[in-house]
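Structure, as structure tokens:
The values are calculated or read from the model by the stated rules, or taken from the named source; none is laboratory data. Note that the structure is predicted; figures quoted are calculated from it, not measured. Protein only, heavy atoms only, side chains kept; ligands, DNA and RNA dropped before computing areas. Shrake-Rupley method; radii C 1.70, N 1.55, O 1.52, S 1.80 Å.
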Amino acid sequence: MITNKEIMNLLPEMLLEIVDTGSEQLIVWANDKALGRYGSGIIDSRITNLVPPMKWAEIYTTLFRSGKVEDVRFRNDEGVFEFSGFYIRMDKAGMPGRIQLIMRDITEEVMLATTDSLTGIYNRRHINENS
């Protein structure tokens, strides 16, 4: 019998499962795509090792309040990423909830949309968005 986690390993996006302890959010599972990119060291590590802490605070607040986030972008040292996911509330002591996230690397898409492909110089779209 195929499990849900085995099916999630077939998806082309990086998937993360995070436990919310109330004081921190720890990655407890990642699909093969995420493990291939970041290694097994991300398991039991804080999500802020992948997402800048200030940006994660914004994402977490939205997740906790509304139960979901969609197409939230952030930049880290490796590139530009997009998150979509949801928050599952738990009724267990010491574990307020779990977070399921889909994480896409959109670095190349952003580069194609904001730079001239021939010269590599920022295009008008980038200038307008950042001025």
Equivalent ellipsoid semi-axes - Cα gyration tensor, the range 1-94, angstrom = 20, 18, 14
Would you kindly find the accessible area of residue 55, with a 1.4 Å probe and non-protein molecules such as ligands, DNA and RNA excluded, rounding to the nearest 10 Å²?
-> 50 Å²
Please give the solvent-accessible surface of residue 78 in Å², to the nearest 10, using a probe radius of 1.4 Å with every protein chain present.
-> 100 Å²
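For the range 31-109, which whole percent of the accessible surface, found with a 1.4 angstrom probe, sits on carbon and sulfur atoms? Present the calculation step by step, with values, prior to reporting the outcome.
On the way: 2320 of 4720 Å².
In the range 31-109, the share of accessible area belonging to carbon and sulfur is 49 percent.
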So what is the accessible area of the range 1-77 per residue, in Å², with the probe set to 1.4 Å?
-> 62 Å²
